[in-house]
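The values are calculated or read from the model by the stated rules, or taken from the named source; none is laboratory data. Model, not experiment: these values are computed from the prediction. Neighbour counts are summed over all protein chains in view; Cβ atoms, including those assigned to glycine, are modelled from backbone coordinates with ideal geometry.
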């Protein structure tokens, strides 16, 4: 299991925009990679909205936020639109 600060293993997953995203594409940036069980549930929504509300501070630190769950692209798109989430969500296969 990874601990905070550990380097994540290389991955390639489908984004909410239907594009492949890999960790190597983000080289040189700090990546806040968070995993959550399901779009649009109370705890997951609170967590996502907290990242949304702090996105300017995160971006000032040259960091990006990426959420990962088993939900599909359509679910991610609805979740992002409903809560105006300004970051990428990936589908865990």
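Mind counting the residues in region 13-30 that are at positive phi and modelled with pLDDT of 90 or more?
1
When residues in region 41-93 are screened for being within 19 Å of residue 14 (Cα to Cα) and touching a residue at least 40 places away in the same chain (Cβ under 8 Å), 13 of them pass.
Checked against (1) surrounded by 11 or more Cβ atoms within 10 Å (Cβ to Cβ); (2) at pLDDT 95 or above; (3) touching a helix residue (DSSP H, G or I) at 6+ places or on another chain (Cβ under 7 Å), residue 84 passes all but condition (1).
Applying the condition of being surrounded by 12 or more Cβ atoms within 10 Å (Cβ to Cβ) and assigned to a helix (DSSP H, G or I) to region 22-49 and asking which residue is nearest to the chain's Cα centre (by Cα) yields 48. Listed conditions (1) touching a residue at least 60 places away in the same chain (Cβ under 8 Å); (2) out of contact with any helix residue (DSSP H, G or I) (no Cβ under 7 Å at 6 or more places or on another chain) are all met by residue 16, apart from (2).
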